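The values are calculated or read from the model by the stated rules, or taken from the named source; none is laboratory data. What you see is a predicted model; the values in this text were computed from it and never measured. Positions of Cβ are backbone-derived with ideal geometry, glycine not excepted, and every protein chain shown enters the neighbour counts. Areas reflect the complete protein model, heavy atoms only, side chains present, ligands, DNA and RNA absent. Shrake-Rupley method; radii C 1.70, N 1.55, O 1.52, S 1.80 Å.
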Amino acid sequence: MQDSGVESPRLLSETDLELIDALQINPRASWVDVGAATGADPVTAARRWQRLNGTGEAWTTVALGRRQMHAMSMAFLEIDCEAGAAVEVAGRLATAGHLITVQHVAAGHDLFVIAVAASMPALADYLLTDLPRVPGVAKVRTHLATRVFEASCRWRLRVLSPRSASVLTRRPGPPESTREMDEIDRRLFKALLADGRAGYAELAGAVGMSERTVQRRLSRLVATGDIDFRCDLARAHAGWHSSAVLWLRMPDGLLEETGRALLDWPETRTCAALAGARNMLLTVGLHGVSDLHPLVVRLEERFPYVSVADRQIVLRQSKLYGRVLDPFGRCTGVVPVDPWSLSPRI
């Protein structure tokens, strides 16, 4: 058969998958602990990670924690583009720090985008004034999140045994504080975006403080739920070749119970309650497009009060939580997540 010239994603080895799974459990775990969980020498584990990270097949980053997600304003956008402009529009939107995820979808619209801002006035100004003026954008439908469930940092490959995974369990930090993030905390957050495993010396240099102070601040930010860490990968290289966006309807009184239950599903990527008739958004990973219908059947059987109002297959992810991706999901660049970049006009 003649070679089509089309590249296929390289499937990661079992040892690579175990390494990534370990860092999904605890993205800042020491190489000693990672080696103990995966049965590898710490030096070998570190070298494997350098290779995976260097090829863009896996990466770690900092993420907004549960307290910040509850305080932020988040919107899920359905964007119609002018004919032939979808790829160009996606490229423009991917450069914005407050647009954390950009996807092409097979739907009645072209793009699915997740926007986050520090306040509703700031988000509203962007949605009402700036976004409609982006060349190629024809129409925008906005769905505001009222509750974002903690899914993005919980998803993992689940290839390690429970016993091995227990080695990497994150230790509880100091008691929670009511102090809000200050400018130094935000600089620390931004310094961790390119590499969630950045060392204290590197971080100290970035924010102009001592290593001990940085360590103390980082521990507090994690304990208060202001920040979290995530490890992600080129998902097609691990057999997750597709994904989908599901829009659900259910009684409002069952949103919390359903959202928490869906976090335990291995397919769940993002889950949020919405202020609309379609009052829950669920994004899922799939091994293939054919897995969508069985998942919807399982969803409706497990939650008989849920109706699936719409579902859309993702054609391509252009950006995933601040990472610019190639057609095979490999990281080719970093656009720092920056919900503070938007400010309301006076």
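Looking at 309, 277, 272, which one is touching a Gly at 6+ places or on another chain (Cβ under 8 Å) and farther than 16 Å from residue 233 by Cα? Don't jump to the end; show me each part of the working.
On the way: 309 fails: touching a Gly at 6+ places or on another chain (Cβ under 8 Å); 277 fails: touching a Gly at 6+ places or on another chain (Cβ under 8 Å).
None of the other options fit; the residue is 272.
What's the total number of residues in segment 329-338 that are open to solvent by 50 Å² or more (accessible area, probe 1.4 Å) and closer than 22 Å to residue 242 by Cβ?
Of the residues in segment 329-338, the ones open to solvent by 50 Å² or more (accessible area, probe 1.4 Å) are 332, 334, 336.
Checking which are closer than 22 Å to residue 242 by Cβ leaves us with 332.
Count: 1.
Please state which of the following conditions residue 234 fails to meet, knowing it meets all the rest: (1) open to solvent by 50 Å² or more (accessible area, probe 1.4 Å); (2) touching a Cys at 6+ places or on another chain (Cβ under 8 Å).
Unmet for residue 234, out of (1) open to solvent by 50 Å² or more (accessible area, probe 1.4 Å); (2) touching a Cys at 6+ places or on another chain (Cβ under 8 Å): (1).
Return yes when residue 134 is surrounded by fewer than 21 Cβ atoms within 10 Å (Cβ to Cβ) and among the β-branched types (Val, Ile, Thr) and no when it is not.
Working: surrounded by fewer than 21 Cβ atoms within 10 Å (Cβ to Cβ): yes; among the β-branched types (Val, Ile, Thr): yes.
The answer is yes for residue 134.
Counting only residues that are part of a helix (DSSP H, G or I), surrounded by fewer than 21 Cβ atoms within 10 Å (Cβ to Cβ) and polar (S, T, N, Q), how many does segment 10-42 have?
1
Looking at segment 63-93 only, could you name the residues that are within 25 Å of residue 192 (Cβ to Cβ) and in contact with a Lys or Arg (Cβ under 7 Å, 6 or more places away or on another chain)?
Result: 63, single match.
Could you tell me whether residue 226 is among the acidic types (Asp, Glu), farther than 30 Å from residue 106 by Cα, modelled with pLDDT under 95 and open to solvent by less than 20 Å² (accessible area, probe 1.4 Å)?
Numbers: among the acidic types (Asp, Glu): yes; farther than 30 Å from residue 106 by Cα: yes; modelled with pLDDT under 95: yes; open to solvent by less than 20 Å² (accessible area, probe 1.4 Å): yes.
Yes, satisfied.
Can you work out which of the residues in segment 180-201 that are open to solvent by 30 Å² or more (accessible area, probe 1.4 Å) and touching a residue at least 24 places away in the same chain (Cβ under 8 Å) is farthest from residue 231 (Cα to Cα)?
184
For segment 54-108, enumerate the residues that are crowded, with 18+ Cβ neighbours inside 10 Å, polar (S, T, N, Q) and more than 21 Å from residue 125 (Cβ to Cβ).
Once the filter is applied, which keeps residues that are crowded, with 18+ Cβ neighbours inside 10 Å, polar (S, T, N, Q) and more than 21 Å from residue 125 (Cβ to Cβ), segment 54-108 yields 60, 61, 103.
Which residues, taken from segment 246-273, are touching a Leu at 6+ places or on another chain (Cβ under 7 Å) and open to solvent by less than 20 Å² (accessible area, probe 1.4 Å)?
246, 247, 248, 262, 268, 271, 272, 273
Please find, within segment 43-53, the residue that is farthest from residue 200 (Cα to Cα) out of those that are in contact (Cβ under 8 Å) with a residue 12 or more places away in the chain and open to solvent by less than 70 Å² (accessible area, probe 1.4 Å).
Only one residue tops the list, namely 52.
What pairs can you find where one residue is in segment 312-323 and more than 17 Å from residue 246 (Cα to Cα) and part of a loop (DSSP other than H, G, I, E, B), the other is open to solvent by 20 Å² or more (accessible area, probe 1.4 Å) and of a type in the set (Val, Ile, Thr), and their Cβ atoms are less than 9 Å apart, with a gap of 6+ or different chains?
Within 9 Å, the pairs are 322/334; 322/335.
Inspect segment 275-286 for any residue being out of contact with any Phe, Trp or Tyr (no Cβ under 6 Å at 6 or more places or on another chain) and of a type in the set (Lys, Arg) and give the result as yes or no.
Here is the first cut: in segment 275-286, the residues out of contact with any Phe, Trp or Tyr (no Cβ under 6 Å at 6 or more places or on another chain) are 275-277, 279-280, 282-284, 286.
Filter once more, keeping what is of a type in the set (Lys, Arg): none.
No, every residue in segment 275-286 fails to be out of contact with any Phe, Trp or Tyr (no Cβ under 6 Å at 6 or more places or on another chain) and of a type in the set (Lys, Arg).
With 194, 244, 204 as the choices, which residue is within 30 Å of residue 330 (Cβ to Cβ), modelled with pLDDT of 95 or more and among the hydrophobic types (A, V, I, L, M, F, W, C)? Give the steps one after another, and end with the answer.
On the way: 194 fails: modelled with pLDDT of 95 or more; 204 fails: within 30 Å of residue 330 (Cβ to Cβ).
After ruling out the rest, the residue left standing is 244.
Please specify each residue of segment 245-270 satisfying the condition of being of a type in the set (Phe, Trp, Tyr) and within 14 Å of residue 148 (Cα to Cα).
Looking only at segment 245-270, we keep the residues that are of a type in the set (Phe, Trp, Tyr), and these are 247, 265.
None; the set is empty.
Looking only at segment 299-311, which residues are of a type outside the set (Lys, Arg) and either outside any strand (DSSP E or B) or closer than 11 Å to residue 284 by Cβ (or both)? It would help to see each step written out before you state the result.
To start, the set of residues in segment 299-311 that are of a type outside the set (Lys, Arg) comprises 299-301, 303-310.
Matches in segment 299-311: 299, 300, 301, 303, 304, 305, 306.
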